[in-house]
Amino acid sequence: MNTGMKLGGFALGLVAVFGAAYGVGQVVGPVAPAAESRHQSTTGAGHDTTGDAGHGGEEGTDAHLPGGLLVSDRGYTLVPVATSAGEFAFRITGPDGRPVTGYDVAHDKRMHLIVARRDLSGFRHVHPELGSDGTWRVASPLGGPGVWRAFADFTPTGGQPLTLGVDVSVPGTLTDRPLPAPATSTTVDGYTVTLAGNPQPGLTAELTLTVSRDGAPVTDLEPYLGAYGHLVALRQGDLAYLHVHPDGAPGDGRTSPGPAVTFLAEVPSAGAYRLYLDFKHGGAVHTAEFTVLAGNVAATGGASAAPSSAAPTPTGVAEHGEPGHGHD
Ligand SMILES: [Cu+2]
């Protein structure tokens, strides 16, 4: 892979839905992680009427796919651009094949770039700068060797919100990082964050994350990108992407700045998910991470993210999701 890039189109056949990039996560249609052949046949079937807000009523054949699985969707394509090692650059090309330069602001930014290794470690959420030629550039958020998934979460002006994803390889010696066991409490940067609520496939679940520091509730969270918290969920196995926002916003008269931030989210299938909560306090953004199991999934406690192990992922995906762990 001399370009260091590898397309992730293998996931085309999955049947599952994460909601729109922005808004309450939603599920459309029955979900069977192992069923790869139902891509077309379930279009519209069992459509959950909780809304298509993020899709603006568009009912394309991919409308039921989770975000982030496609490198190209509705005419828009995520194209990595070769650059220096310390930088990450890409373009979004539009239906006319040319780099897109017009974007709507969503949650304070025109582009949200999220990266994580395929083993779900190394999560970063950054905001590239757009050049006049349509190239987005940012100091590389890729934290070391491995196969990374990069998600571009954006709304082209005049288009629908989209999350496109692409695999990017960083050469070097890999260290397998097992997926941490499910937990309802974690610590980051001196903060303790607890999680209440269980994601349920096909149902809206209330997830409440509560932040404390030195045993005291944090009641002065700072707005970050228009919210007191941003939650991204990635599904183990294919890194299907769900970005949800809190139930309530700063300044709406009913939402307090902590210690609790509540999200409404639906996950598209049973399985293991990694949740990443970005919150701002003390002038800095912190990311708390949790592993959660949704639905009837045997706890794999410390399950390796390597699809060849006991990961609760369909074998068809696992084969392709296995990057080969090439050592350069
Ligand atoms: Cu962002």
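Every read-out reported here was derived from the displayed coordinates using simple, explicitly stated rules and does not represent laboratory data. Please read all numbers here as calculations on a predicted model, not as lab measurements. Glycine gets a Cβ as well: all are built from the backbone with ideal geometry, and neighbour counts include every protein chain shown.
Summary table
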{"read-out": "For region 114-122, 3J(HN,Hα) per residue [Karplus equation, 6.51 cos²θ - 1.76 cosθ + 1.60, θ = phi - 60°, Hz, x = Gly/Pro]", "value": "10, 10, 7, 5, 5, 8, 6, 9, x"}
{"read-out": "HN-Hα J in Hz across region 198-215 - Karplus 6.51, -1.76, 1.60, θ = phi - 60°, x for Gly and Pro", "value": "10, x, 10, x, x, 10, 6, 10, 8, 10, 10, 10, 10, 10, 9, 9, 6, x"}
{"read-out": "Other-chain or far-sequence residues with amide H under 5 Å of VAL267's (modelled H)", "value": "GLN200, GLY202, LEU203"}
{"read-out": "Likely footprinting exposure, SER84, SER72, fewest C-beta neighbours within 10 Å first", "value": "SER84, SER72"}
